[in-house]
Amino acid sequence: MRRVTVLVAGAVALALALPVFAQETKVTVGYSGWTGFAPLTLAKEAGIFKKHGLDVDLKKIPQKDRHLAIASGDVQCAATTVETWVVWNANGVATKQIFQMDKSYGADGMVVRSNIQKVADLKGKTVAASAPGTAPYFTLAWFLKKNGLSVKDVTVVNLEPGPAAQAFVAGQNDAAMTYEPYLSTVRSNPSAGKIIATTLDYPMIMDTFGCTPKFLADNPKAAQALADSYFDAIALIAKEPKKSFEIMGADVKQTGEQFEASQKYLRWQDKAANKKFFAGELQQFSKEAADLLLEIGIIKQVPDLNALTDTRFIQ
């Protein structure tokens, strides 16, 4: 009996002496190839998520389908534009934004044929844009409203940002809504047309990261790790830009130099910028966006806008 006791005691002592490896929390994130979301790719490829105890699966899902993936449970978190969270929650897909990722400074835009002089000239024309409920469609509605028109004044052909830019360069449609890196397709093909308006003219594209309330309630430490990983990725870009641009560019089939050029049209947001954004700017924009979404029939009622955020993870 004494020998058994000694063996057990020895085994316990050995176990206590060994390092404890915490199991990584698994989380699946829905996003797209939009340049502003690239720090997520960097966080995964550079081992930042892993360092924070996360096993992250990044899934490229078209924005028009991303809420379906959340509703089905296939993904727990996502990156998308601020007004999209309004749409998702208005349509019964409960989600909360936990940190801001970027602001567009010319990275989203409307391209038109050379004979179109102003946005108002699009009345009766054909515009390629993603489906209703997506950022490009909302951007189209926003640009048109600011110029005295509505989506009812144009014919919308539903194409995702990449195909929309490619179709425009190939001579299809009078205009198109797209974003970086695809907007640069038009920048490099000026004979196809011109960029008539971007988010420099109408600053209204702001991207945030969010998760389901259930995920946040069940995994607060993982949610904190996601936010910390994002901010670490931003810091890595500043510290090692060349290496970071190469990693992020490879994900969208760009060279490091090409990616560096496309990211100049946006600003990734650090923790200080996040605190400022969530302290009032987000709420003000969400209200104006919700009013437009209601006007164009994307939502039937405005959800509780105060319930769409959880700021614990940026403090």
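The values are calculated or read from the model by the stated rules, or taken from the named source; none is laboratory data. This one's a predicted model, so the numbers in the text were calculated from it and none came from an experiment. Note: ideal-geometry Cβ built from the backbone for every residue, glycine included; neighbour counts use all protein chains shown.
Assorted remarks:
- Qualifying positions in segment 215-226 - touching a residue at least 40 places away in the same chain (Cβ under 8 Å) and either surrounded by fewer than 20 Cβ atoms within 10 Å (Cβ to Cβ) or not assigned by TED's automatic domain parsing to the domain that holds GLU83 (or both): ASN219, PRO220, LYS221, GLN224
- Residues in segment 114-139 that are touching a helix residue (DSSP H, G or I) at 6+ places or on another chain (Cβ under 8 Å) and farther than 14 Å from THR84 by Cα were compared, and the one that is surrounded by the fewest Cβ atoms within 10 Å (Cβ to Cβ) is GLY124.
- Restricted to helices (runs of 4 or more DSSP H) entirely inside segment 26-80, those with at least 2 residues that are touching a Leu at 6+ places or on another chain (Cβ under 9 Å) and either aliphatic (A, V, I, L, M) or assigned by TED's automatic domain parsing to the domain that holds GLY256 (or both) are 38-45, 48-51.
- Checklist (1) touching a residue at least 60 places away in the same chain (Cβ under 8 Å); (2) assigned by TED's automatic domain parsing to the domain that holds ALA69 applied to LYS194, failing item: (2)
- Matching option when the condition is over 21 Å from ALA273 (Cβ atoms) and crowded, with 20+ Cβ neighbours inside 10 Å, among TYR230, TYR182: TYR182
- Residues of segment 205-229 that turn out to be outside any helix (DSSP H, G or I) and out of contact with any Lys or Arg (no Cβ under 9 Å at 6 or more places or on another chain), as a count: 3
- Taken as a whole, segment 230-243 holds at least one residue that is in contact with a strand residue (DSSP E or B) (Cβ under 7 Å, 6 or more places away or on another chain), outside any strand (DSSP E or B) and within 22 Å of VAL75 (Cβ to Cβ).
- Residue that is closer than 27 Å to MET248 by Cα, in contact with a Gly (Cβ under 9 Å, 6 or more places away or on another chain) and polar (S, T, N, Q), where the choices are THR208, THR185: THR185
- Neighbours by Cβ (under 6 Å, 6+ apart or cross-chain): first from segment 73-96, free of Cβ contacts under 8 Å to residues at least 60 places away in the same chain and surrounded by fewer than 21 Cβ atoms within 10 Å (Cβ to Cβ); second of a type in the set (Gly, Ala, Ser) and outside any loop (DSSP other than H, G, I, E, B): VAL93/ALA71
- Residue match in segment 102-117 (condition: farther than 30 Å from ASN147 by Cβ and not β-branched (Val, Ile, Thr)): no
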